[in-house]
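First, the structure itself, so that you have it in front of you.
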Amino acid sequence: MIKAQIIKAVAGEFQVKSDTKVLTLKGRKKLKEDKLYVGDFVEVDEDLGVVERLLPRRNFLIRPPLANVEQALIVLAPIPKPDLMLVDKLLIKFFSLGITPVIVINKIDICSTAVIEEITAQYGKICQICLISALDYNTTSTVLNPVLSGKFSILTGQSAVGKTSILNCLLPDVQMETGELSRIGRGRNTTRHSEIFVLENGAMLADTPGFNAFELDDFSPENIIDNYPEFKDFSPNCKYNNCNHISEKIEDCAVKRALAEGKISKPRYERFVQLFNTAVEKEKKIYG
Ligand SMILES: Nc1nc2c(ncn2[C@@H]2O[C@H](COP(=O)(O)OP(=O)(O)O)[C@@H](O)[C@H]2O)c(=O)[nH]1
Ligand SMILES: [Mg+2]
Ligand SMILES: [Zn+2]
């Protein structure tokens with residue numbers, strides 16, 4: 001019995017990767033295909049050619065189904081216009097799952113410095129920011145290979161920012177379908193199935209379909225607060241333990257003081273207030 005990770009699942013067959021090789025296997029009958037996710041660690045019986053057992057998951061995403069993700073590249077571009085509310089929601093989701101986020105600004109060939117500066121001002125203290133153009137193999141591989149090395153990462157973000165183009169750029173042998181920007185500038189969804197690609201340096205990378213809407217359905221107001229890492233530098237100094245950093249007076253809230261002193265990004269704080277209030281409303285509907 002050896003341990004391996006599922007990198008592709010199609011029609012009841014699994015491609016799994018062990019430390020030394022890639023195998024194509026069937027699932028044991030008792031293991032229904034839909035219970036195994038791409039990214040799952042499994043025990044396999046090489047002689048029988050079957051996946052025997054699912055090993056515990058570190059985390060999982062449902063849309064698309066992916067397990068044991070370590071890092072998420074949140075891709076942004078000058079076109080389509082960055083949706084920073086979506087970025088904030090994704091950051092909350094990934095922080096809560098223990099997935100390291102990295103912001104990748106793509107299409108730097110057509111990106112103004114103002115856009116780069118704005119994104120850096122809002123997110124530079126929260127996560128690593130990489131600048132690339134998927135049209136330029138040298139820049140993309142030089143910048144991203146060290147970031148991706150040794151980890152399982154996913155490409156995520158709005159439609160048409162260039163996620164699939166980045167994958168294709170890093171893996172010239174693989175050419176997945178990319179989408180032209182539609183006339184309304186929202187892009188098409190062209191990525192439909194999950195597959196983990198293994199880069200030359202052993203890094204594992206999966207594309208995901210872009211979304212133009214993503215909701216934090218199962219987050220309580222407290223969960224939202226907990227996933228703002230920049231608050232944690234200050235919140236121990238708030239007067240009340242359960243401070244929500246919104247309704248308390250500035251004298252009593254260290255996060256609000258940090259905001260006033262420019263130590264916390266104002267636009268990001270304003271979106272936090274919106275997300276917090278949405279979660280409060282949702283809770284009221286559920287609990288009355
Ligand atoms: N100018 C420019 N266009 C790019 C770049 N990367 C991707 N694109 C274009 O952006 C469009 C959307 O790309 P795609 O990879 O399908 O985006 P996805 O929806 O995020 O997967 C396509 O027309 C690509 O050719 C880039 O670095 N620079
Ligand atoms: Mg795509
Ligand atoms: Zn506070």
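Read the figures in this text as sums done on the coordinates, not as results from a lab. All of these numbers come straight from a predicted model, not from anything done at the bench. With ideal geometry, Cβ positions are generated from the backbone for all residues, glycine too; neighbour counts draw on all protein chains shown.
Please report Phe60, Phe41, Phe234, Phe152 as a ranked list, fewest other C-beta atoms within 10 angstrom at the top and most at the bottom. Show your work: numbers first, answer last.
On the way: Phe60 14, Phe41 17, Phe234 20, Phe152 23.
Going from sparsest to densest Cβ surroundings: Phe60, Phe41, Phe234, Phe152.
According to a simple spin-label model (label point 7 Å from Cα along Cα-to-Cβ), what is the distance in nm between Met85 and Glu118?
Label-label distance for Glu118 and Met85, simple model: 1.5 nm.
Counting only other residues whose beta carbon sits under 15 Å from that of Cys169, what net charge do I get with K and R as +1, D and E as -1?
Surrounding charge for Cys169 is -4.
Relative to the present Cα-Cα distance, how much length would full extension add between Glu261 and Glu46 at 0.36 nm per residue of separation?
That works out to 71.4 nm of additional length.
Fully extended, how many nm does the chain gain between Asn241 and Glu270 (0.36 nm per residue separation, minus their Cα-Cα distance)?
8.3 nm
If I stretch the segment between Asn138 and Asp19 completely, what's the gain in nm (0.36 nm per residue apart, minus their alpha carbon distance), one decimal?
Difference between extended and current length: 40.0 nm.
Separate question: For the cross-link pairs Lys232/Lys282; Lys81/Lys266; Lys125/Lys256, which exceed 21 Å when the distance is taken from alpha carbon to alpha carbon?
Lys232/Lys282
By how many degrees, between 0 and 90 and to the nearest 10, does the Cα long axis of helix 137-148 differ from the longest principal axis of the chain?
80 degrees
Give me the log10 of I(q) over I(0) for the stretch 61-206 at q = 0.12, 0.19, 0.22 Å⁻¹, as the Debye formula computes it from C-alpha points; what are the numbers?
Debye output, listed in q order: -0.45, -1.25, -1.76.
Note down the relative contact order for the chain as a percent, whole number, built from C-alpha pairs under 8 angstrom at least six residues apart.
With pairs under 8 Å counted, the relative contact order is 14 percent.
While we're looking at this one, here's another question. For a protection proxy built on the mean count of beta-carbon atoms within 10 angstrom, sort 85-94, 43-52, 153-162 highest first, please. Before the final figure, lay out the partial values.
Details: 85-94: 20.9, 43-52: 15.3, 153-162: 25.1.
So the peptides 85-94, 43-52, 153-162, ranked by packing, come out 153-162, 85-94, 43-52.
Report, in degrees rounded to the nearest 10, the 0 to 90 angle that the Cα long axis of helix 113-123 makes with the longest principal axis of the chain.
Taking the Cα atoms of the chain, the angle to 113-123 is about 80 degrees.
Pairwise over distinct Cα atoms, reciprocal of the mean inverse distance: report the Kirkwood radius of the stretch 221-287 in Å, one decimal place. Could you put the intermediate results ahead of the total?
Details: mean 1/r = 0.0819 Å⁻¹.
Value: 12.2 Å, from the Cα pair sum.
In whole Hz and in residue order, list the ³J(HN,Hα) couplings for the stretch 46-60 that follow from phi through the Karplus curve 6.51 cos²θ - 1.76 cosθ + 1.60, θ = phi - 60°; x for Gly and Pro.
Values, residue by residue: 5, 5, 7, x, 10, 7, 8, 8, 7, 9, x, 8, 7, 6, 7 Hz.
Take the alpha-carbon positions of the chain, form their convex hull, and give its projected area averaged over all directions (one quarter of the hull surface) in nm².
Averaging across all directions leaves 17.8 nm² for the Cα convex hull.
Place the peptides 218-226, 67-75 in order of packing, highest mean first, counting for every residue the other Cβ atoms within 10 Å and averaging per peptide.
67-75, 218-226
Further, regarding this structure: Quick one: Debye curve from the alpha-carbon atoms of the stretch 2-56 only, equal weights, vacuum; give me log10 I(q)/I(0) at q = 0.19, 0.26, 0.29 Å⁻¹ to two decimals.
-0.50, -1.00, -1.30
For the stretch 1-130, what is the percent of antiparallel DSSP beta bridges, rounded to the nearest 5?
60 percent
Run the simple label-point estimate for Ile286 and Phe60 please: 7 Å along Cα→C-beta, distance reported in nm.
2.0 nm
Report, to the nearest 10°, how far helix 266-287 tilts away from the longest principal axis of the Cα atoms in the chain, using its own Cα long axis and a range of 0 to 90°.
80 degrees
Okay, next question. Determine the relative contact order of the stretch 1-140: mean sequence separation of Cα pairs under 8 Å and six or more apart, normalised by residue count, in whole percent. Don't jump to the answer; show the numbers that get you there.
Numbers: 227 pairs, mean separation 21.7, N = 140.
Reported relative contact order: 15 percent.
Taking the convex hull of the Cα atoms, report for the stretch 95-147 its projected area averaged over all directions, in nm².
Result: a mean projected hull area of 4.2 nm².
Now for a separate question. Show which lysines lie in cross-link reach of Lys8 when reach means a straight Cα distance below 16 angstrom and same-chain residues fewer than eight apart are skipped.
Lys17, Lys21, Lys26, Lys32, Lys35
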